[in-house]
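Notes follow once the structure below has been shown.
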């Protein structure tokens, strides 16, 4: 098994509550961020804990992902995600904090690659490509929506 950590920070020129509202509205992710999410279905909800089945897009493919997510009111979310189809699992943290220019997004995704053959290709590709793609598909779209 190979583990890699992807991390980046961005500032969105919008109030933290506006960023939080969009980034934790998982059912609208496919509408808000169509380049990364095809569908998300919440099948379990207990307070701030969600169980979800998602179809995500990455590397030109669609993958099924099971998500166990905790919403942190006003601060973001943490999620443990399993994609048996792709052969990965991960721990995702999207944390929001006040910034002089708006909202700081601190994003970390720790990915475990379970298929040995996949790690040969995936590790360098994930390190190089994933955060650039996430920025373009999610952060830039979020900025376009909120920074008016």
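All of the numbers you see were taken from the coordinates with simple rules; none came from a lab. Bear in mind the structure is a predicted one, so any value in this text is a computation, not a measurement. Cβ coordinates were reconstructed from backbone atoms using ideal geometry, including for glycine residues, and neighbour counts include every protein chain displayed.
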For the chain, calculated [θ]222 nm from helices alone, where every DSSP H run of n ≥ 4 adds -39500 (n - 2.57): -5500 deg cm²/dmol
Folded to 0 to 90 degrees: helix 116-125 orientation relative to the chain principal axis, Cα: 40
Residue exposure sequence - 5, 69, 145 - by fewest surrounding Cβ within 10 Å: 5, 145, 69
Whole-number percent relative contact order across the chain, with pairs defined as alpha carbons under 8 Å at least 6 apart: 31
Segment 1-15 residues near the modelled residue 147 label - backbone nitrogen below 17 Å, point 7 Å along Cα→Cβ: 8-15
Along each principal axis, Cα extent of segment 45-95, largest first, Å: 33, 20, 14
Where Rh is the Kirkwood radius over Cα pairs, Rg/Rh for the chain: 0.95
Segment residue 35-residue 3, extension gain: residue separation times 0.36 nm, minus the distance between their alpha carbons: 9.1 nm
